[in-house]
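Asker: Got a structure for you, questions after.
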Amino acid sequence: MRFPGDLPLRLPERTAGKPALLYIHIPFCERLCPYCSFHRVVFSETLCRDYFRALRREISLYRDLGYDFGGIYVGGGTPTVLIDELEQTLATARDHFAIREISVETNPDHLTPERLEVLKRAGVNRLSVGVQSFDDGLLRQMDRLEKYGRGEIIAARLKETMGRFDTLNADMIFNFPSQTEAMIERDLATILGLGLDQVTYYPLMVSDMTKERVRQTFGEIDWGKEARLYGIVARRLASAYRFSSAWCFSRREAMIDEYIVAYDDYAGLGSGSIGYLGGTCYANTFDIPAYISMLSQDRPVLPLLAVRPFSVRDRVRYEFLMRLFGMGVDMTELEGKFGRSWRYLWGEILAFGAAGALRCERPHFRLTDRGRYIWVILMREFFTAVNNFRHYCRVRAGY
Ligand code: SF4
């Protein structure tokens with residue numbers, strides 16, 4: 001992922017069209033996990049309160065620039081680390097924009113009645129909980145056992161939370177080197193027993209930042225095992241869920257972690273956020289004190305680090321990749337948006353068709369069973385490239 005260094009740091013004009021998504025990043029965690037490639041630092045209350053104040057000013061800047069948003073996704077880090085600040089920030093966004101849906105990420109130890117009450121009041125309708133696994137041995141290796149409790153306790157907390165939001169999602173991970181097929185089967189039995197609304201089963205991703213740590217903590221990654229474990233996950237969950245994406249399983253239509261599938265445009269707010277508006281990709285500064293200071297001055301400025309307008313060819317290919325990650329692409333819609341430029345995709349369509357990844361159901365191309373796993377690999381590599389970019393920026397910012 002590359003950004004040219006000589007372009008003016010500004011966002012494209014807002015154009016009319018489908019409502020965009022507002023992504024908000026909260027880069028604070030009480031303790032850091034060894035496999036995590038996200039932009040996050042150890043929680044400090046003073047810094048975090050200053051950060052939330054800056055975030056609210058950034059939200060107002062987008063309103064002043066004429067942007068409008070239909071949904072909010074708050075990711076991290078741990079967005080619920082200061083629940084009163086999160087509530088105030090969501091209220092600011094809802095005052096400015098016609099928000100229809102709000103998704104917030106959290107950790108199992110934050111599923112407390114007090115926090116859940118605040119989230120409900122703030123209009124959150126999807127809660128996504130970072131579970132990763134219910135296996136105590138694996139949780140210990142991940143350094144999550146002490147923090148979030150045993151798998152049994154996490155499952156009980158999820159059970160108590162069910163029914164309080166339109167969608168309760170559990171984020172899981174498969175293909176840790178020490179994770180066996182039997183462990184995955186037990187986790188799947190727990191999920192099916194709970195009857196969660198949604199499950200997102202990520203393949204383990206390693207970036208330049210985490211690969212050595214992952215090797216030391218969990219061992220060498222076996223990519224051959226990844227395909228086998230994905231096969232087990234997909235087969236078992238397909239009995240009770242439908243595919244919302246190649247790795248997200250939902251009981252009904254719902255917002256998903258990969259908002260890039262459902263929203264053509266998304267703004268990235270907060271330190272280290274990445275946005276994509278009107279065909280331009282951009283990133284905010286990863287330097288948290290610099291982020292706060294740029295937004296705290298008398299005349300606050302957008303804390304942009306880099307921008308990259310995509311060529312038409314890149315845009316068409318990006319949309320093709322994302323729509324198919326969401327299981328199908330409507331070629332009439334793509335042609336309506338890009339005109340004859342959709343023909344840039346001929347090479348991809350022929351290659352993926354020959355590989356047995358696509359099925360044509362006019363006007364759609366849809367992923368086949370084989371195509372789903374191919375898309376898991378493609379998206380794993382896509383997010384790994386994003387994580388490597390984050391790592392590069394974090395190092396430059398002094399983390
Ligand atoms: S996995 Fe989640 S809780 Fe752990 S460091 Fe990363 S963002 Fe924080």
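Asker: Under the classification rounded if a/c is under 1.5, otherwise prolate if a/b is larger than b/c and oblate if not, where does segment 1-127 fall, given a ≥ b ≥ c as square roots of the Cα gyration tensor eigenvalues? Show your work: numbers first, answer last.
Answerer: Working: a/c = 1.87, a/b = 1.25, b/c = 1.49.
Oblate shape, in that a/c is at least 1.5 and b/c is the bigger or equal ratio.
Asker: Just name one of G231, G75, G130: the one whose Cα is farthest towards the positive end of the charge dipole of the chain (beta-carbon charges, Lys/Arg +1, Asp/Glu -1).
Answerer: It is G231, whose Cα lies furthest towards the positive end.
Asker: Work out, step by step, the length gained on full extension between L32 and Q88: first 0.36 nm times the residue separation, then minus their alpha carbon distance; give nm to one decimal.
Answerer: 17.6 nm
Asker: Could you do me a favour and compute the accessible area per residue for the chain, 1.4 Å probe, result in Å²?
Answerer: About 42 Å² of surface per residue is accessible.
Asker: With a bin width of 10 angstrom, please list the P(r) values of segment 299-399 as percents of all Cα-Cα pairs, from the 0 bin to the one holding the largest distance.
Answerer: Result returned by the calculation: 13, 38, 27, 15, 6, 0.
Asker: To continue, here is another question. Kindly report, to the nearest 10 Å², the accessible surface of I377 as traced by a 1.4 Å probe over protein heavy atoms only.
Answerer: 60 Å²
Asker: Ignoring everything but the protein chains, give the 1.4 Å probe accessible area of S60 in square angstrom, nearest 10.
Answerer: In the full protein context, S60 sits at about 30 Å².
Asker: Kindly work out what percent of the DSSP beta bridges joining two residues of the chain are antiparallel, to the nearest 5.
Answerer: So the antiparallel bridges amount to about 40 percent of the total.
Asker: Moving on. Relative to the Cα centre, what is the charge dipole magnitude of the chain, using +1 at the beta carbon of each Lys and Arg, -1 at the beta carbon of each Asp and Glu, and rounding to the nearest 20 debye?
Answerer: 740 debye
Asker: Considering only protein heavy atoms and a 1.4 Å probe, what is the carbon-and-sulfur percentage of the accessible area of segment 20-262?
Answerer: Working: 4380 of 9040 Å².
Answer for segment 20-262 is 49 percent, counting heavy atoms of protein chains only.
Asker: Right, something else. What is the local net charge at K120, summed over the other residues whose Cβ is closer than 15 Å to its Cβ (Lys, Arg +1; Asp, Glu -1)?
Answerer: Result for the local shell: -2.
Asker: Leaving out ligands, DNA and RNA, what percent of the accessible area of segment 312-367 is carbon and sulfur, probe 1.4 Å?
Answerer: The C+S portion of the solvent-accessible surface of segment 312-367 is 53 percent.
Asker: Among the lysines, select those whose C-alpha is under 26 Å from the C-alpha of K225, and discard any that sit fewer than 8 residues away in the same chain.
Answerer: Within reach: K211.
Asker: Compute, for segment 79-229, the length of the dipole vector about the Cα centre, with Cβ point charges of +1 (Lys, Arg) and -1 (Asp, Glu) only. Units Debye, rounded to 20. Before the final figure, lay out each step's value.
Answerer: Details: 19 positive and 26 negative charges, 28 e Å.
So the magnitude is around 140 debye.
The values are calculated or read from the model by the stated rules, or taken from the named source; none is laboratory data. Note that the structure is a prediction, hence the values are computed from the model and not measured. In this analysis, Cβ positions are derived from the backbone assuming ideal geometry, glycine residues included, and neighbour counts consider all displayed protein chains. What goes into the accessible areas is simple: the full protein's heavy atoms, side chains included, and nothing from ligands, DNA or RNA. Shrake-Rupley method; radii C 1.70, N 1.55, O 1.52, S 1.80 Å.
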